[in-house]
1. By the gyration tensor of its Cα atoms, with a ≥ b ≥ c the square roots of the eigenvalues, what is the shape of the stretch 3-101: rounded for a/c under 1.5, prolate for a/b over b/c, or oblate?
2. Ranked from highest to lowest mean number of other Cβ atoms within 10 Å per residue, what is the order of the peptides 45-53, 203-211?
3. Using alpha carbon centroids, what distance separates the stretch 194-214 and the stretch 260-319, in Å?
4. Quickly work out the Ser286-to-Ser6 label distance, labels modelled 7 Å from Cα along the C-beta direction, and quote it in nm with one decimal.
5. Take the alpha carbon gyration tensor of the stretch 147-222, find the square roots of its eigenvalues, order them as a ≥ b ≥ c, and report rounded if a/c is under 1.5; if not, report prolate when a/b exceeds b/c, else oblate.
6. Using modelled backbone amide H atoms (1.01 Å from N, in-plane), which distant-in-sequence or interchain residues come within less than 5 Å of Ala302's amide H?
7. Report Rg/Rh for the chain, rounded to two decimals, where Rg is the Cα radius of gyration and Rh the Kirkwood radius.
8. Largest first, please: the extent of the C-alpha atoms of the stretch 68-204 along each principal axis, to the nearest Å.
Amino acid sequence: MRPTPSPKTYRVKSFGCQMNVYDGDRMAEVLAEQGIAPAPEGEEADLVVLNTCHIREKAAEKVYSDIGRLRREDGSSPLIAVAGCVAQAEGEEIMARAPAVRMVVGPQAYHRLPEMLAEAGQGKRVTDTDMPAETKFGALPQRRRSGPSAFLTVQEGCDKFCTYCVVPYTRGAEVSRPFSALLEEAQKLLEAGAKEITLLGQNVNAWTGEDAKGRVIGLDGLIRELAGLPDLKRIRYTTSHPNDMTDGLIAAHGEIDKLMPYLHLPVQAGNDRVLKAMNRSHTVESYLRILDRVRAVRPDIALSGDFIVGFPGETEAEFEDTLKLVDSVGYAQAFSFKYSPRPGTPAATMDSQVPAEAMDERLQRLQAALNRDQLAFNRKSVGKHCEILVERKGKHPGQWLGKSPWLQSVHFADEPGGEAAIGDIVTVELAEAGPNSLRGTLLQPAHA
Ligand code: SAH
Ligand code: SF4
Ligand code: F3S
């Protein structure tokens, strides 16, 4: 390939989970340090980073259509880099199938983007999908920008090997970032304006480290330490595995005011045979017991989960067990998916794959139940005076969008109660509830 002039503008497009959003922000910071500017809205960027997700077939196929869409009328393309989990899993295939792609960079290698860009500038096509997780963070620039709500990856990778899932292969083994590095990054985010930090990990509650005194601590210890930072108003964490819900973490929900009353705890299915075939290593009963214990210390907690319908061999009766579980929990929010066979995972070659029509029908029934519960949860908030972290402006003047402690999206108008500003925590009277958001009016201006 011909050498190309170095890019002046970039755009990073992230798909998939919040950890990919975090990685996307960090890649943007690396590029900014190279003097490359974000491309203005609506204009083509010289360098496009597609930060991809491999979790389901549709997510992975999207990469190729996105690459196609970047092609100009004369057949040329901007400089394209494919990053994220598809890059990790299918790097060679992407290089073979999509000649327009000049760089393939895995989730643990993106601190090397500057060197890769230099090579691509000389006309080479470069791949880096090396795995060790420790090196990346130390080599990244410090955090200098943040909105009111920031992500902070504390743990990466997964050792659980659920039989349907690609994450252990795309993200590697479980690794916890050191406590001191996290404290420093949190402080930088706060200096840059963050009020809320969401601690991220593929199995965030498997995080472990040593505090400043050398004591071994778990995620609850980390949350406790961060809660001591005066400028930090709200703490959240996601995603958790039921097996790593320690006594300390459950207790933290009742003890730490800054820890928001929201728990995302995926269960996947409501039947023990299916859970075993998924290699989830928890039962319906042990999962429900954890929820009971969290509710005992934090009665108002909003619960959220992930579900898969149509796992190989799932019968109608087994699926109905999932509906029963949903009925008994009353989730405030949830994510549900049709099972998608992923190459290289044990479930992909299991017998009795569930036909597409059955999966469609099960997903519809499950989502109807989950939407019903989500609306019911939101309706219970109507009439409450609620603290909202203001995240951005709404479409109309005087309208704002923020989050309640229970992670509900709240739209509100700031008259007649005064004026709101991004990053404030304000009191809003909630007046109206839909399945995905609430509406209210400002009672009191900032006391952040
Ligand atoms: N580590 C987290 C979730 C990671 S993936 C956990 O264990 O909870 C996010 C969600 O995608 C999973 O919880 C699961 O519900 C869904 N998922 C993962 N692999 C899938 C597959 N092959 N087909 C359909 N959904 C899948
Ligand atoms: Fe995937 Fe299971 Fe690990 Fe979650 S715990 S990332 S679903 S293998
Ligand atoms: Fe997708 Fe990778 Fe996240 S597969 S869900 S982007 S860990």
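The values are calculated or read from the model by the stated rules, or taken from the named source; none is laboratory data. Computed from a prediction, not measured in an experiment: that's the story for all the values here. Cβ atoms come from the backbone with ideal geometry, glycine included; neighbour counts cover every protein chain shown. Just so you know, the surface numbers come from the protein's heavy atoms only, side chains and all, with ligands and any DNA or RNA stripped out. Shrake-Rupley method; radii C 1.70, N 1.55, O 1.52, S 1.80 Å.
1. In terms of gyration-tensor shape, oblate.
2. Working: 45-53: 23.3, 203-211: 20.7.
Those peptides, ordered most packed to least, come out 45-53, 203-211.
3. 23
4. Inter-label distance under the simple model: 5.3 nm.
5. Judged from the Cα gyration tensor, the stretch 147-222 comes out oblate (a/c at least 1.5, b/c at or above a/b).
6. It is Tyr262, Leu263, by chain and number.
7. Checking Rg against Rh, the ratio lands at 0.97.
8. The Cα atoms of the stretch 68-204 stretch 47, 38, 25 Å along their principal axes.
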